[in-house]
Amino acid sequence: MELPLSVAGVIESLPEVIRALAQEAGLLLMSAAMNAECEMIAGAKNSKNPLRAGNWWGSDLGPVYYDKQKVLIDRPRLRSKNNKEIPLSTYQAFGDPLSMRNSIMKNMILGISSRNYAESVESFVKGYGIKKSSVSRHL
């Protein structure tokens, strides 16, 4: 059976499309987890609750480690009643480079041992903040 070129092209690109969708879904789940933590601390946005522990204070771009890469995510911010930043435990967990460190080491070894240098390097270049100094600091 011979498929038309356009259908074959679509089928060929499916793995990359599925990967991109999965990555986007993962980042959305990270955002949802951070928002849920904020709602536990400060209540729903724009709600009046004198018993809440803090207030919503906008958002900020910050790095997290996801899918073997360091990516920027829009993270919510909270302030306590005495005007101090409330750290989010979910954001701190997502910002832990330990998972990236293990993954980088494994992929570098696999790429070098199988002589897939180009693929190894290409996967790291897609990430945010991947420089020689950054990689060596985390290894």
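The values are calculated or read from the model by the stated rules, or taken from the named source; none is laboratory data. Computed from a prediction, not measured in an experiment: that's the story for all the values here. Quick reminder, even Gly has a Cβ in these numbers, built from the backbone with ideal geometry, and neighbours come from all protein chains shown.
Numbers below:
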read-out	value
Candidates Ile104, Ile112, Ile41, Ile86 - the one that is surrounded by 13 or more Cβ atoms within 10 Å (Cβ to Cβ), modelled with pLDDT under 80 and among the aliphatic types (A, V, I, L, M)	Ile104
Pairs with Cβ under 6 Å, 6+ apart, first in the stretch 81-94 and in the same structural domain as Leu27 (by TED's automatic domain parsing), second among the small types (Gly, Ala, Ser)	Ile86/Gly54; Ile86/Ser80; Thr90/Ala33
Criterion: among the aromatic types (Phe, Trp, Tyr), touching a Gly at 6+ places or on another chain (Cβ under 7 Å) and either surrounded by 13 or more Cβ atoms within 10 Å (Cβ to Cβ) or at pLDDT 85 or above (or both) - qualifying residue of Tyr117, Tyr66	Tyr66
Residue list for the stretch 83-97, filter: of a type in the set (D, E, K, R), in a loop (DSSP other than H, G, I, E, B) and either closer than 16 Å to Ser59 by Cα or in contact with a helix residue (DSSP H, G or I) (Cβ under 8 Å, 6 or more places away or on another chain) (or both)	Lys84
Meets criteria (modelled with pLDDT under 90, surrounded by 10 or more Cβ atoms within 10 Å (Cβ to Cβ) and not basic (Lys, Arg)) for Tyr91	no
Arg79 vs. criteria outside any helix (DSSP H, G or I), surrounded by 10 or more Cβ atoms within 10 Å (Cβ to Cβ) and at negative phi	yes
Ile73 being among the aliphatic types (A, V, I, L, M) and either in contact with a helix residue (DSSP H, G or I) (Cβ under 6 Å, 6 or more places away or on another chain) or at pLDDT 85 or above (or both)	yes
